[in-house]
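Report on the structure given below.
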Amino acid sequence: MRSRISMVVVLCFVFALAAGIVVAGYGPGGGGGPNGGPGQGKGPGNCPYNGTRITGEITQIEANNTSFTLDIGKSVINVLVTEKTVIKSGPDKVNFDDLKVGQKVCACGELKDQTMTAIMVNIQRCSR
């Protein structure tokens, strides 16, 4: 009986995630959630790749179109963009050239020290 209840709870949670009922960004370390701190954290958050999610304002864009600087409040992060990085504005894929100084973005990827190698960048689409 107990295992059947556990299985029902797990299935309900999986269906809730699939339906988008569980709000991304909340929960332990979910970047921007209560335990994720302001705009960054480890965990699922809004990063579908189980990386680190950061949110901030673009303060500088490198001329070589491979990186930009993101002010996340507590610090400044250098965000590296590779050929594998997906850049989106809403549901649409866009190019590096669409990034502008002053835009608010969310980025997720691998964060080491003050540098992130981005897997995904979302322009002005920073849900909690």
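Here, each number is a calculation from the coordinates, and none is a lab measurement. Please read these numbers as outputs of a predicted model, since none were measured by experiment. Ideal geometry is used to build each Cβ from the backbone, glycine not excepted, and the neighbour counts take in all protein chains shown.
Things to note:
- Sparse-neighbour loop sites [GluC sites (Glu not before Pro); segment 48-103; at most 15 other C-beta within 10 Å; DSSP]: GLU62
- Checking every one of the trypsin sites (Lys or Arg not before Pro) in segment 78-107 against DSSP loop status and a limit of 13 other Cβ atoms within 10 Å picks out LYS100.
- Potential lengthening of the chain between LYS100 and GLN114 amounts to 3.0 nm, from the contour at 0.36 nm per residue minus the alpha-carbon distance.
- Cβ-based exposure ranking for ILE61, ILE72, in which fewest neighbours within 10 Å come first: ILE72, ILE61
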